[in-house]
Amino acid sequence: MRKGQNIKLPKEVYIERHHVFPRSIYNIKYELLGRKNNIIVKLTAKEHYVAHHLLWRYYQKKYGNKDERTIKMLYAFWKMFINKKEKITSRIYDILRTQVSELMSERMSGEKNHNFGKPMSEETKRKLSKKMTGRIASEETKQKLRGRTGRKSSNFGKHLSEETKRKISEKLTGKNSPMFGSKRNQETKDKMRAKKIGKTLSEETKQKIREKMTGEKNPNFGLKRSQETKQKMQEARKRRMRKVERVDPKTR
C-alpha cells in the first residue's frame with residue numbers, strides 16, 4: 001500500500017484506484033480529503049485484487065463472518081471478479097460463492113425480501129409461464145441441483161410450522177394443484193413404468209419409511225374410513241390385480 005502512495009507508473013501500465021480506508025466502513029468524505037492525504041492509491045490490477053483479498057481475510061479473522069464489516073469486504077471482493085472477470089483459484093471461489101449465497105439467502109428471505117407480501121398480477125404470471133415453457137435443464141444444471149441435498153440444501157435443519165404446512169396444502173389441493181384435471185398419456189405412463197421396473201428399495205430405506213409411517217406419524221393415524229370408502233378401495237385393488245394378471249400371466 002505504501003508503494004502505491006508515491007509510485008509513478010508508465011502511462012501504458014493499466015492501473016486502478018484503491019481506497020486505503022474502505023468507504024463502506026469508514027464513511028470518509030474523500031472528495032474533501034483528496035489525494036493530498038494519501039487516501040487513494042494507484043495499484044495494478046493484480047495488486048488491487050490482492051489488497052481486497054487481504055482486507056476480506058483480515059476482517060473475517062478479526063470480527064467473524066457475520067459481522068457487517070466482514071460482509072461489506074466480502075461483497076467488495078466478490079464484485080471484483082464478477083464485474084471484471086478476474087481469475088481466482090477454485091478454492092477461493094468455492095469459499096466466496098458459498099458465503100455470498102448464504103448471506104443473500106438470509107437477507108432475501110421472508111419479510112426481508114422486497115417482494116414479500118406483493119402478489120403477482122395475472123399478466124406477470126402469464127409472462128413467466130410463457131418464458132419457462134419448453135425449457136429443459138442441462139445435465140450440468142441437473143447435477144448441481146442433485147448436489148444441493150442434505151447439509152448443502154438451503155432448507156436443511158428448517159422445520160415448517162403447522163400454519164405453513166396448511167397454507168402449502170391449500171395451495172396445492174384440488175383445483176389449485178398444477179396437475180388438476182391433467183391426464184397422463186400412454187407414452188408418459190410407459191416411461192414412468194419403465195423407470196420403476198427393476199428398482200428395489202434398500203433395507204435402510206425401508207426402515208426409514210417404516211419409522212416415518214408408523215403410529216402417530218402416519219397421516220391416516222386415527223382416521224376412520226366409511227363403508228363406502230372401504231368398498232371403493234377394495235374395487236380399486238381388484239382392478240390393479242387384474243391389470244397385473246394381464247401383463248404377467250405367471251401371476252395367475
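Computed from the coordinates by the stated procedures, all read-outs in this text should not be read as laboratory data. Predicted model, so just to flag it, every value in this text is computed and none were measured. Using ideal geometry, Cβ is built from the backbone for each residue, glycine included, and neighbour counts are taken over all protein chains shown.
R0 = 35 Å: FRET efficiency of PHE116 with SER90, Cβ-based, nearest 0.05? For PHE116 and SER90, the calculated efficiency is 0.50. Given Cα positions, please report Rg to Rh for the stretch 112-252, the hydrodynamic radius being the Kirkwood one. Expressed as Rg/Rh, it is 1.00. For the stretch 153-161, the Karplus equation 6.51 cos²θ - 1.76 cosθ + 1.60, evaluated at θ = phi - 60°, returns couplings of 6, 5, 9, 4, x, 8, 10, 6, 6 Hz by residue, with Gly and Pro reported as x.
Of the trypsin sites (Lys or Arg not before Pro) in the stretch 145-210, the ones in a loop by DSSP (not H, G, I, E or B) with at most 10 other beta carbons within 10 Å are LYS158, LYS183, LYS199. When the label point is put 7 Å from the Cα of GLU187 along its Cα-to-beta-carbon vector, which residues of the stretch 114-136 have a backbone N closer than 18 Å? Residues 134-136 qualify, since their backbone N sits under 18 Å from the label point. Calculated on the Cα set of the stretch 73-163, radius of gyration then Dmax: 17.2, 47 Å. Using only alpha carbons, the stretch 141-206 has a radius of gyration to Kirkwood radius ratio (Rg to Rh) of 1.06.
Between ILE168 and MET241, what length comes free when the chain is fully extended (0.36 nm per residue of separation minus the Cα-Cα distance, one decimal in nm)?
Extra length from ILE168 to MET241 when fully extended: 22.9 nm.
Sequence-ordered 3J(HN,Hα) estimates for the stretch 94-107 from the Karplus curve with 6.51, -1.76 and 1.60 and θ = phi - 60° stand at 4, 5, 5, 4, 5, 5, 5, 4, 5, 5, 5, 4, 5, 7 Hz, glycine and proline given as x.
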